[in-house]
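Report on the following structure.
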Amino acid sequence: NGRGELMKLSTQNYHLIALRAFLDYLKKVGLTTLPAESVMLNKIKRQPIMYVEGSDLDKLLDAPLHTKNSRIIQTRDKAILELLFSTGLKVSEISSLRRAQIKFNLSEIAIPNDTNSSRTIPLTNLVKYWLKQYLEARIDSAPALFVRHDKAKKTQHQNMDYSLTPRTIQRIVKKYTKSTGLDSKITPQSLRHSYAHKQLALGADLKSLQALLGHSSITTTRAYKNLKHD
């Protein structure tokens, strides 16, 4: 790169893919050139999929209730962890959730996709319970499903956006993995993997799992296929 350092293999692949596309273009316009398929991509070792189960999962999900935080923060964080595990949503999706997306009467939540459509994720009774506990404790009218409850918020205008950022949600998960003595490598993505593992254990096929996780390509979902045998 510009600093004289070696680029990561994944970054090199982005450039090689662009080169392939350029070679394909030259071929289409009638120029003789190197075949695009002769440009080989670097092989990148996939990181093992980390998920949480059993007593470790129970510890993590219950951790917010064993803190000295205020009740509203306890219920908020509990709802976030339960939602991560029971829906497989991405951190960015949870961060952008609005109250109106939660359909308690239908036990479902609608998540917008990049294609101007949406996918519907079922909500368990446990998730609905903790979401209701949290929302009933709220006194603000902010449309965001999960908001800040810090001291600074009290001095701000009521109609401002107090949504939790993806980074804040990551910190929340990290805080509880640390307080329970669990693996420090556990992240919100680990709970998404845990959701995928559970769905496969319940008999879901990869196509169904692809729809639930919102993957645009089945190739991404295939990374979970070996979880069936764990």
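Assorted remarks:
- Exactly one residue out of LYS103, LYS68, LYS59 is basic (Lys, Arg) and within 21 Å of SER194 (Cα to Cα): that is LYS59.
- Of the residues making up the range 156-171, those that are touching a helix residue (DSSP H, G or I) at 6+ places or on another chain (Cβ under 9 Å) and either farther than 20 Å from LEU123 by Cβ or modelled with pLDDT under 90 (or both) are MET160, TYR162, SER163, THR165, PRO166, ARG167, THR168, GLN170.
- Looking across LEU135, LEU126, one residue alone is in a helix (DSSP H, G or I) and in contact (Cβ under 8 Å) with a residue 40 or more places away in the chain. It is LEU126.
- Per-region count, the range 170-182, residues surrounded by 12 or more Cβ atoms within 10 Å (Cβ to Cβ) and in a loop (DSSP other than H, G, I, E, B): 2
- If you filter the range 198-230 down to residues that are open to solvent by 60 Å² or more (accessible area, probe 1.4 Å), assigned to a loop (DSSP other than H, G, I, E, B) and more than 17 Å from PRO122 (Cα to Cα), you find that the one that is modelled with the highest pLDDT is SER216.
- First in the range 170-181 and on the phi < 0 side of the Ramachandran plot and in contact (Cβ under 8 Å) with a residue 12 or more places away in the chain, second anywhere and in a helix (DSSP H, G or I) and of a type in the set (Asp, Glu), Cβ under 6 Å, 6 or more apart: ILE172/ASP77
- Single residue of MET50, MET40 found to be at pLDDT 70 or above and either farther than 30 Å from ALA196 by Cα or over 31 Å from the mean Cα position of the chain (by Cα) (or both): MET40
The values are calculated or read from the model by the stated rules, or taken from the named source; none is laboratory data. Everything numeric in this text was worked out from a predicted model, so none of it was measured. When we count neighbours, we look across all protein chains shown, and the Cβ atoms used for this are built from the backbone with ideal geometry, even at glycine. All accessible areas refer to the heavy atoms of the entire protein, side chains included, with ligands and DNA or RNA removed. Shrake-Rupley method; radii C 1.70, N 1.55, O 1.52, S 1.80 Å.
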